[in-house]
Every structure is written in C-alpha cells, then in structure tokens.
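The values are calculated or read from the model by the stated rules, or taken from the named source; none is laboratory data. Being a predicted model, the structure only gives us computed values, none of them experimental. As a convention, Cβ positions derive from the backbone with ideal geometry for all residues, glycine included, and neighbour counts pool all protein chains shown.
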Amino acid sequence: MTEIRRLTEADFDDFMAIVANAYPNWELAAEEARRPVTERLLRSHNEDPTSNFYGLFREGRLLGGMRLLDFRMNMLGCTIGAAGVGLVAVDLLHKKEKVARDMVRRFLRYCRERGATIASLYPFRPDFYKQMGFGYGPQMYRYRVRPAALPKGPSKARVRYLTADDKQALADCYHRVQKRTHGLNEKTQWELDALFRNPETRLVGCWDGDALRAYMVFSFRQISEDSFIAQEMHVRQLVYETREALSELLTFLHSQADQVSRIVFTTQDEHFHHLFSDPLDGSDVIMTPLAHQIGTVGLGIMYRVTDVPGLFRALEGRDFGGQTCRLKLAVRDSFLPENDGSTVVDFQGGRARLVDGGDSDVEVRLDASEFSSLVTCVVPFTALYRYGLADITDAALLDTVNRIFAVEAKPMCLTDF
C-alpha cells in the first residue's frame, strides 16, 4: 500500500538519510554534518507556513520525500497562486519503482487542492519532467567578465553594505520590483531572513534617501589553490528599480579589479551581455564559423499548468494582446487526467472569458508541456507551430494566437528551492 503524507518530526532522520545518498555532493554522510541541515529543514517545516515536507511510504517504510512550497506569483501582471517542489529524493534501493513519479503526481494534485494553477521546479533531469507535462522555462546565462568591462558611472556614493537592520527596506524594494516583473514570486519572511543568515554571502544596496532602490547578493570564490588572492566574485542576485541605481552597483563592481579577476553573473536576462564593453569570458573558444564564446547557457526552472480553466480565471484582469478571438485550447495531459481536455476562451479586446463549449473561431492542439511554456511566455506560438509541436485548425489566425500569448519579457525567478 502506498501512502503520501506530510512528514512528522520522527520521519526526518529517515528522510535525511535518503537525501544524503540522493545528493552526495552535499557531503551529509556523517552525522555531524547532517545534523545542522536536518535542524534547519525541520525548522522550516515547523515554522514556515509556506514550506511542507511530504514523504512516500510503502508498507509503512519511507521510500522518498520532497519539499512543497506555496508561492504568490506575478503571472502576466496578475497575482496568482503557484507552488514549487524541491529536494525530491528517492531511496537508492527503490529507484525505478515509480517513487518519484507518484510523488510528482501528488504534488500536482496538491497544487490543484490549493488553487495553485502554476507548478514549478528545478529539474535534475529535464526530459523526466517534460514527460510529466512540465515545459521548459527561460534559459539561464552565466557570464564571466572582467570588472573593467562593466560600465563605470559617475558615482557609487549611495552604495553601502546591508545588514539585518535593512531587511524591511530590502523587502520593500523587492516587492516593488516583483509587482512589475512577470514570473517573480513574492518573497516570504523565511526566505528574507535566509538572505541575512548565510555567512558566505554579502549584500550591498543603493539608497535614495530612506528608500533602497537596488541591491545585490554576492560571494567570493577562490579560483586557484596556489594563490589565496586569486578570487572571483559571484553575483547571485541583482535587483534594481531604476537605471541610476543599477549604474551605481555596476560602478561598485567595476572598482573591484584589484581584488577579483572575473565577476560571474548568473541571470535569466537574455540581454544582459549588452552591458559589457568586452563580453568575452576568457575561454578563447571560437564557434564555427566565427563566434566568440561569451558565456554558457543552461536550462533552469520548468513550469507546468495544473488547471487550464483555473489559470484563465486567475488571469481575469490580463489584457491578452488586445486580441478578439474565440479560441478552443485542446491540451493533452496524460499524466494529470484532471487537466486533460478542451477549454474554450472568448477573447474580446484582449480580455479573456471562459465559455462553456460551443463554436470557436480556431482550435489549437498541443501537449501540456508545450502549453505550459507558451502560456508562461517562454516560447512564442509561431515557434511551436513551426517545430510541429502545436497544431492550429486555421493557419490564417496563426498571428492572432501568437499575439494572445506574446509578451515583451520572459518570466524571471529569483526563488531558490
């Protein structure tokens, strides 16, 4: 008999033993190394209302576990319920026994129970989760640039270190940016506290009077065992409201040339390299016919729609490109049958209204994974159609459908889970 339930405190030692084997690079095999991590996760489980750990039990034995997180997400300018899953771990003795599959399906039903119409995760294997209906999210770019390649502005006088006393100002700054940025989740108190608890990270911010207008989270990394002064600076988060505040933070980074050889940015901003006077990453790699390597690209977060009609209800205030069209969406979802089927949406001047069946101007057919990437605005409909990943009954309305789901910017996510 299989049971998936919220873990109790008594379950955590067994769960952490599974985690230690599932994530060996965390070096948790030793009890003394595992104990502080167990205590931290257990505190989150007990004290953070947005974080819950669940486990899969068969015949009373724990075979795997996961962390479920509740989010409030900016989806196309509307605040919607969303959720994430992380720390998915399966006992080594029970791999290939559909433990992860059953846990992920339970997670998706958890989302539906809580009105979370968008699910998200960072995949250990993108192909595994794509088969479960998750769509590829935006690409993640890693740039390694010399400090001198960053623009030097007129001043960095308003930049200073941030301490726990500045926590509310940082939260206010992030909140203002989150309200205008597609994809960003609201920052929880637990997440906010964690920024200031990590001894390896530094925070600096740019002030405008009493208001924080930008902040940056970074750490140092030694790049050579032979030289303790050979350092890189890794920027984990760069959040800004104004171009002036961004300029001051970049000027601060520009001034670090005497201490760091490269500044490493990890960002979902596909245009970020335009800031650099020299974007080359120092690898000297040339791609055919003649293209200089300026960084590396990865696939990070993946998104999944858990309730197609529910999502359009949640996006009631959204203007879908000013388009007028009655669209039938036929979404194939074999992994979550509750989400499989057709939904008719009547767009009038960009405003969406669900219609109970009836005629439509055009029908679009695609899998849940492609629909998830489309509706989160990661990929345009024209690309899905061109690649044979989506079908449309009237190609004359291809541009109309594309405009319905088009936005200026892809989703951003600064939540680690």
* **Members of region 176-203 found to be touching a helix residue (DSSP H, G or I) at 6+ places or on another chain (Cβ under 8 Å) and either outside any helix (DSSP H, G or I) or assigned by TED's automatic domain parsing to the domain that holds Met75 (or both), listed by number** => Leu184, Asn185, Glu186, Lys187, Thr201, Leu203
* To do: Could you please tell me which pairs satisfy a Cβ distance under 7 Å, a separation of 6+ or placement on different chains, a first residue in region 158-171 that is in the same structural domain as Leu246 (by TED's automatic domain parsing) and on the phi > 0 side of the Ramachandran plot, and a second residue that is surrounded by 13 or more Cβ atoms within 10 Å (Cβ to Cβ) and modelled with pLDDT of 95 or more?
  => none
* Asked: Out of all the residues in region 204-232, which are surrounded by fewer than 19 Cβ atoms within 10 Å (Cβ to Cβ) and assigned to a strand (DSSP E or B)?
  -> Val204, Asp208, Ala211, Ser219, Phe220, Arg221, Gln222, Gln231, Glu232
* Structure fact -> Those residues of region 377-414 that are under 14 Å from Gly321 (Cα atoms) and among the hydroxyl-bearing types (Ser, Thr, Tyr) come to a total of 1
* Asked: Across region 236-268, what is the number of residues that are more than 15 Å from Cys413 (Cα to Cα), among the polar types (S, T, N, Q) and in a strand (DSSP E or B)?
  -> 1
* Within region 45-151, which strands (runs of 3 or more DSSP E) (wholly inside it) include 1 or more residues that are more than 18 Å from the chain's Cα centre (by Cα)? -> 51-58, 61-75, 78-90, 139-145
* To do: Please verify whether region 13-36 includes one or more residues that are free of Cβ contacts under 8 Å to residues at least 24 places away in the same chain, outside any strand (DSSP E or B) and within 23 Å of the chain's Cα centre (by Cα).
  => yes
* Those residues that are crowded, with 19+ Cβ neighbours inside 10 Å, more than 23 Å from the chain's Cα centre (by Cα) and hydroxyl-bearing (Ser, Thr, Tyr), I need them from region 233-268; list them, please. => Ser247, Thr251
* Run down Met1, Met75, Met103, Met66 and say which single residue is touching a residue at least 40 places away in the same chain (Cβ under 8 Å), farther than 25 Å from Trp190 by Cα and among the hydrophobic types (A, V, I, L, M, F, W, C). => Met1
* Test: Ser360 is touching a helix residue (DSSP H, G or I) at 6+ places or on another chain (Cβ under 7 Å), of a type in the set (S, T, N, Q) and touching a residue at least 24 places away in the same chain (Cβ under 8 Å) -> no
* Positions within region 284-305 being without any contact (Cβ under 8 Å) to a residue 24 or more places away in the chain and part of a loop (DSSP other than H, G, I, E, B), in sequence order -> Asp284, Val285, Thr288, Pro289, Leu290, Gln293
* To do: Answer yes or no: is there a residue in region 215-229 that is within 29 Å of Gly137 (Cα to Cα) and of a type in the set (A, V, I, L, M).
  => yes
* Single residue of Ala33, Ala89, Ala20 found to be modelled with pLDDT under 95 and of a type in the set (A, V, I, L, M, F, W, C) -> Ala33
* Subset of region 183-226 that is of a type in the set (D, E, K, R) and touching a strand residue (DSSP E or B) at 6+ places or on another chain (Cβ under 7 Å) - its residue that is nearest to Ile118 (Cα to Cα) -> Glu186
* Of all residues in region 152-177, count the ones that are farther than 14 Å from Tyr240 by Cα and surrounded by fewer than 18 Cβ atoms within 10 Å (Cβ to Cβ). => 12
* Only one residue in Leu327, Leu354 is outside any loop (DSSP other than H, G, I, E, B), surrounded by fewer than 17 Cβ atoms within 10 Å (Cβ to Cβ) and either touching a strand residue (DSSP E or B) at 6+ places or on another chain (Cβ under 8 Å) or assigned by TED's automatic domain parsing to the domain that holds Val145 (or both). Which one? -> Leu354
* Any residue in region 277-286 that is within 30 Å of Lys152 (Cα to Cα) and buried (at least 19 other Cβ atoms within 10 Å of the Cβ)? -> yes
* **All positions within region 240-265 that are among the β-branched types (Val, Ile, Thr) and touching a Gly at 6+ places or on another chain (Cβ under 9 Å)** => Thr251
* Just one of (1) buried (at least 23 other Cβ atoms within 10 Å of the Cβ); (2) aromatic (Phe, Trp, Tyr); (3) assigned by TED's automatic domain parsing to the domain that holds Leu246 trips up Phe107, so point out which. => (3)
